[in-house]
Amino acid sequence: MGRSRDAEAELNLPPGFRFHPTDEELVLHYLCRKVAYQCLPVPIIAEVDLYKYDPWELPEKALFGQREWYFFTPRDRKYPNGSRPNRAAGRGYWKATGADKPVSPPGSGRPLGIKKALVFYSGKAPKGIKTDWIMHEYRLADKNRANSKKGSLRLDDWVLCRLYNKKNSWEKIQQQKEEASFAETMSSFEANEDTGSDSFRTLESDVEHDSFQELDELRQTESYLPSKISDIGMQFQTVEQRKQKEETDWFMDLNLDDLQGTIGSLASVPSFDLSNQDYLFPSF
């Protein structure tokens with residue numbers, strides 16, 4: 001599944017554009033501007049409530065990024081009257097690791113933001129399975145988080161998060177999916193070619209088949225004629241053999257008396273005197 005929006009195409013970013021801001025740049029130029037409702041230098045950070053999803057579902061919701069992805073997300077309280085954030089997300093939870101790191105602008109000793117590192121665990125706490133998904137969470141340091149609305153669970157309207165997989169397993173899985181999809185498409189195409197399927201027939205192929213239809217019929221006729229002629233020859237030969245057999249049977253059926261009678265009838269035919277040439281050749 002692809003991204004619903006592509007900031008690189010929408011903003012017409014120049015070739016070779018990369019987004020690798022430092023911690024100070026993220027807090028000063030992006031998080032502070034977002035909280036103050038000001039325009040961002042480049043609007044390529046998506047607004048997503050990432051605590052509703054598993055981390056491997058989030059890259060497809062990002063506007064930009066290949067190996068690391070950035071999001072603005074709200075944070076909720078775990079308890080209505082407390083300041084502890086709710087870290088449950090998707091089918092697991094995020095767990096903080098290491099100490100918080102203050103983020104100060106260049107030339108200033110006062111921290112402007114706080115950076116926290118978290119690791120995603122799949123399953124229910126405290127027996128979740130640790131994954132390779134890491135998140136860096138940036139929040140403002142002097143934000144007044146007093147519960148303005150009684151019973152409200154909202155802790156922060158916006159925090160900025162950087163998400164990545166330390167082993168790039170998500171990118172490898174995506175590549176494997178694309179390779180598997182390509183292999184399946186090629187296998188289907190080859191199967192259609194082997195079986196002569198019409199699934200990939202085009203207008204040109206239809207014209208080609210139609211134009212040679214008469215030639216196919218002629219070939220069928222040519223293959224039919226020799227066998228037909230052979231049948232006629234066999235029938236003619238059978239008739240000749242039958243005729244010869246009938247003549248032979250007639251002669252074999254003659255007895256001696258019939259034969260003598262036939263010879264006698266031949267002897268009674270008057271003879272001609274060939275010694276008289278005038279009989280044959282009259283004179284003039």
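Quick check on the range 1-41: of everything there that is of a type in the set (K, R) and modelled with pLDDT of 85 or more, which residue is surrounded by the most Cβ atoms within 10 Å (Cβ to Cβ)? Only one residue tops the list, namely K34.
Per-residue answers, yes or no, for (1) closer than 28 Å to E24 by Cβ; (2) touching a residue at least 12 places away in the same chain (Cβ under 8 Å); (3) of a type in the set (S, T, N, Q):
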position	(1), (2), (3)
F64	yes, yes, no
R75	yes, yes, no
N81	no, yes, yes
G90	no, yes, no
G98	yes, yes, no
G107	yes, no, no
L112	yes, yes, no
V119	yes, yes, no
G128	no, yes, no
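Of all residues in the range 86-109, none are part of a helix (DSSP H, G or I) and modelled with pLDDT of 95 or more.
Within the range 69-85, one or more residues are surrounded by fewer than 16 Cβ atoms within 10 Å (Cβ to Cβ), on the phi < 0 side of the Ramachandran plot, of a type in the set (S, T, N, Q) and in contact with a strand residue (DSSP E or B) (Cβ under 9 Å, 6 or more places away or on another chain).
For the range 49-58, a residue qualifies if it is under 23 Å from V27 (Cβ atoms) and surrounded by fewer than 20 Cβ atoms within 10 Å (Cβ to Cβ), and the qualifying residues are D49, Y51.
The values are calculated or read from the model by the stated rules, or taken from the named source; none is laboratory data. Remember, predicted model here, so these are calculated numbers, not experimental data. A quick note on method: Cβ atoms are made from the backbone with ideal geometry, for glycine too, and the neighbour counts reach across all protein chains shown.
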